[in-house]
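For reference, the structure is listed below as C-alpha cells.
The values are calculated or read from the model by the stated rules, or taken from the named source; none is laboratory data. Just so it is clear, the model here is predicted, and its values are computed rather than measured. In this analysis, Cβ positions are derived from the backbone assuming ideal geometry, glycine residues included, and neighbour counts consider all displayed protein chains. Please note that ligands, DNA and RNA were not included when accessible areas were found on the heavy atoms of the full protein model with its side chains. Shrake-Rupley method; radii C 1.70, N 1.55, O 1.52, S 1.80 Å.
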Amino acid sequence: MIALSEHQVYYIANRLDQAGIDYLPLREELLDHLCCMVEDHMVDGLSFSQATHEVFAAFGKDGMQKLQRQTILQLQNKSQLMKRLALLVLGLLLISFTMMWARQQDDPPSRRPLNGEHVVTSAFGQRMHPILKKHKMHFGVDFKAPLGTPVMATSDGEIVKAEFREKYGNMIVIRHDDTFETLYSQLSEIQVKVGQTIKKGEQIGLVGSSGMSTGPHLHYEVHKDGKAVNPEGFFGP
Amino acid sequence: MFSKELLKGTLKTIVLHLLEEQGKMYGYEIARYVRERSEGQLELTEGALYPTLHKLEADGLVATEKVQVGHRTRKYYRLTALGTEAAGRKREEFALFTATMRMILTPKWNT
Ligand SMILES: [Zn+2]
C-alpha cells in the first residue's frame, strides 16, 4: 500500500485548482479520486511525478471541466430546472395579473363635462331618434345647455381627434389611458388641437348645435376598451 | 468496451446494486470494482460516475459520509431506504429488459 504524503496531496489539489475545479462538493471527492489513481500507478512502479502526469493526461485538457459541468448540470436537470421553469411561469403570471390589475385601476372619467346642473334630454341606450324618427342606439348622453357653455375634459388625457363630422358636428375625442376615451360633440367651437395633453376639468370647447341636432346640447360618450358605455355610470357625486 | 449510450441507461442500476451489496463505497472504489468484476469489459469514466452519484444523492437515494483518510477526505456513499427500494426496482426492470431484448434478437424461424 502506498499513501500519498501531505505535500503530494497538496500538489494534486493545486493542479485541480489550475484545472478550474471550483465546485466544492466535487472538488474534494475528485481530489481523493485522483490521489487513488496516482497511488495505484505508483503501486505499479511509477514515480509520483510520472503517475501524476499519467493521471492528468488521462483526463485530457478539459476533461475535468467537462466532468464538473456535467455534475452540476445533472443536478439541475430535474429539480432546479423545474424550479426555474416554475418560477418563470409564476413570474409571467404575476406580470400579466399586475397588468390586468393596473388596467382595471385606470380611473374612469368621473367628472361631468359641464359645470352645474343640466337636463339630460336623451340618455344612453335605445331611443327614438328625434329627427330620424327611428329606433336607434344612442351611444352617449345629451345634456341640454345654452349655446357657448364651456365644455370640460372629464379626466386627464390626450386629444386624439378634434374635427368636424357630419352627424357629430364639431367633435373632440380624448384618450385618457389604455382603457378609456371620451367624446364630446355638437360643439360650436373646438378650443384644443390633436396631440395636446389635457388636464381633468380643463376647458376644451363650447356647447353648440353644429351637427344633426334639434337645439344646443352636448353629446357626450365614454368608450371603455373601444366600446361605448353609459357615461352616467362613472359620474362622481 | 461498451458504448456510452448502452452504459448510460444502466449506470444507476449498477451503482445502486453495488451499494446494496457492498454497504458503503466511495467513487474510486466503485469504478475499480466495476472494472475488476467485469474483467475489464466495463469502464466507468469519472465523467459518468460522479454526475450520477451526485444526482442519486440529490434525489435522496443515497446518503453520504465523509471520512478523513491520510491527508485527504473520502466521501462514502450508502443506500437510503428509498435507494434500497430503487435498487430492487431497477434490477427487476433490467431483467425484464434483457429478457425482452433476447426475445427480439433471437432469430425467429418460420416453420
Ligand atoms: Zn346624442
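Which value, in debye to the nearest 20, gives the size of the charge dipole of the protein assembly as shown about its Cα centre, when Lys and Arg are +1 and Asp and Glu are -1 at the Cβ?
With only Lys, Arg, Asp and Glu charged at Cβ, the dipole is about 1340 debye.
With a 1.4 Å probe and all protein chains left in place, how much accessible area per residue does the stretch A:1-90 have, in Å²?
Ligands and nucleic acids excluded, the result is 62 Å² per residue.
Between A:Met137 and B:Ala58, what is the spin-label point distance in nm, taking each point 7 Å from the Cα along the Cα→C-beta axis?
The modelled label-to-label distance comes out at 5.7 nm.
How many square angstrom of accessible surface are buried between B and A, both sides summed, with a 1.4 Å probe and rounding to 100?
2100
Could you give the length gained on full extension between A:Thr98 and A:Asp22, defined as 0.36 nm per residue of separation minus the Cα-Cα distance, in nm?
Details: separation 76, 0.36 × 76 = 27.36 nm, distance 4.08 nm.
Taking 0.36 nm per residue and subtracting the Cα distance, the gain is 23.3 nm.
Largest first, how would A:Met1, B:Met101, A:Met128 line up by accessible area (1.4 Å probe)?
Ranked from most to least accessible, the order is A:Met1, A:Met128, B:Met101.
What spacing in nm lies between the two simple spin-label points modelled at B:Lys66 and A:Tyr10, each 7 Å away from Cα in the Cβ direction?
Going by the 7 Å Cα→Cβ label model, 2.0 nm.
Lys and Arg at +1, Asp and Glu at -1: add these up for the other residues within a Cβ distance under 12 Å of A:Leu67 and post the number.
Computed value for this residue: 0.
Near B:Thr64, within a Cβ-to-Cβ distance under 14 Å, what is the net charge of the other residues, with Lys and Arg +1 and Asp and Glu -1? Numbers along the way, then the final one.
On the way: positive: B:Lys24, B:Lys55, B:Lys66, B:Arg74, B:Lys75, B:Arg78; negative: A:Glu28, A:Glu29, A:Asp32, B:Glu29, B:Glu57, B:Asp59, B:Glu65.
Once all neighbours under 14 Å are counted, the net charge is -1.
Can you pull out the trypsin sites (Lys or Arg not before Pro) in the stretch A:1-98 that DSSP calls coil and that have at most 11 other Cβ atoms within 10 Å?
Values: sites: A:Arg15, A:Arg27, A:Lys61, A:Lys66, A:Arg69, A:Lys78, A:Lys83, A:Arg84; in loops: A:Lys61.
Here the trypsin sites (Lys or Arg not before Pro) that fit, given the DSSP loop and packing criteria, are A:Lys61.
Only counting protein heavy atoms at a 1.4 Å probe, give the residues of the stretch A:25-67, ordered by number, whose accessible area falls by 40 Å² or more when the other protein chains are present relative to the chain alone.
Relative to the lone chain, where solvent access is computed with a 1.4 Å probe, the stretch A:25-67 loses at least 40 Å² at A:Glu28, A:Glu29, A:Asp32, A:His33, A:Cys36, A:Asp40, A:Leu67.
Under a Cβ-Cβ cut-off of 14 Å, what is the net charge of the residues other than B:Arg74 that fall near it, where Lys and Arg count +1 and Asp and Glu count -1?
+1
What nm value, rounded to one decimal, do you get for the distance between A:Gln50 and B:Glu36 when each label is placed 7 Å out toward the C-beta?
A separation of 2.3 nm, rounded to one decimal place.
Filter the GluC sites (Glu not before Pro) in the stretch A:145-191 to those in DSSP coil with at most 15 other Cβ atoms within 10 Å of their Cβ, and list the result.
Loop-located and lightly packed - A:Glu166.
Over 28 Å between Cα atoms, which of A:Lys133/A:Lys200; A:Lys136/A:Lys200; A:Lys133/A:Lys199; B:Lys4/B:Lys55; A:Lys133/A:Lys193; A:Lys61/B:Lys24 qualify?
Values: A:Lys133/A:Lys200 36 Å; A:Lys136/A:Lys200 31 Å; A:Lys133/A:Lys199 38 Å; B:Lys4/B:Lys55 18 Å; A:Lys133/A:Lys193 35 Å; A:Lys61/B:Lys24 32 Å.
Violating the 28 Å Cα-Cα cut-off are A:Lys133/A:Lys200; A:Lys136/A:Lys200; A:Lys133/A:Lys199; A:Lys133/A:Lys193; A:Lys61/B:Lys24.
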